[in-house]
Amino acid sequence: MSLERLLGQPTAQKTLQLALARDKVHHAYRFEGPPGVGKETAAMLLAQSLVCEKPTPEACGVCSACQRATQFSEEAPRVPRHPDILIVGRGVYPAALLGGKSEATGISVEQIRRIILPRIGYPPHEGRALCIIIRDADE
């Protein structure tokens, strides 16, 4: 149901739907293309499907986990409210969270050390998977 919202990307949509239906989701996916084609949307919809409380096999869109996966915090850092979806990207986290280091030019090593490494060795809190979305990974 949720991946139907991915418009103009029939191949990516079908690939993700089959992976979820067969319960054979790979450990990583790379979404690439020019700005505005739906890379982050595809990643967020996949993450929502992986944290859904009642997957069919895609996200139901109405459970608490689905709602929190699509709602972003209002204060900095602006990240999903669901604890199993992490976002890494330039300028996502304030310098105070990263030991005073600015990320004006790219994703810093400090962001990986402070945001990702403390979580990576543990199972997801609620969902089927811990989802890490790296914005502009080419940076």
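The values are calculated or read from the model by the stated rules, or taken from the named source; none is laboratory data. Remember, it's a predicted structure, so these values are computed and weren't measured experimentally. Cβ placement follows ideal geometry from the backbone for every residue including glycine, while neighbour counts extend to all protein chains displayed. Side chains are part of the model used for accessible areas, which takes the heavy atoms of the whole protein and leaves out ligands, DNA and RNA. Shrake-Rupley method; radii C 1.70, N 1.55, O 1.52, S 1.80 Å.
Quick notes on this one:
- Rounded to the nearest 0.05, the FRET efficiency derived from the C-beta distance between L117 and Q67 at R0 = 25 Å is 0.35.
- With every protein chain in place, the chain: carbon and sulfur % of accessible area (1.4 Å): 54 percent
- Point-charge dipole on Cβ atoms (K/R +1, D/E -1) for the chain, about Cα centre, debye to 20: 200 debye
- Pair-distance distribution P(r) for the stretch 69-139, from all Cα-Cα distances in 5 Å bins starting at 0: 3, 16, 27, 25, 20, 7, 1 percent.
- Pairwise label distance in nanometres, T105 with E53, each label 7 Å out on the Cα-Cβ vector: 4.6 nm
- Accessible area per residue for the chain, computed on protein heavy atoms with a 1.4 Å probe, is 60 Å².
- Each principal axis of the Cα cloud of the stretch 30-78 was evaluated for its coordinate range; sorted largest first, these ranges are 33, 30, 14 Å.
- Principal axis analysis of the Cα atoms in the chain yields extents of 43, 33, 27 Å, listed in decreasing size.
- Nearest 10 degrees, 0 to 90: helix 10-21 Cα axis against the chain principal axis: 80 degrees
- Relative to the dominant Cα principal axis of the chain, helix 39-51 is inclined by about 70°.
- Rel. contact order, % - alpha carbon contacts under 8 angstrom, at least six apart, the chain: 20 percent
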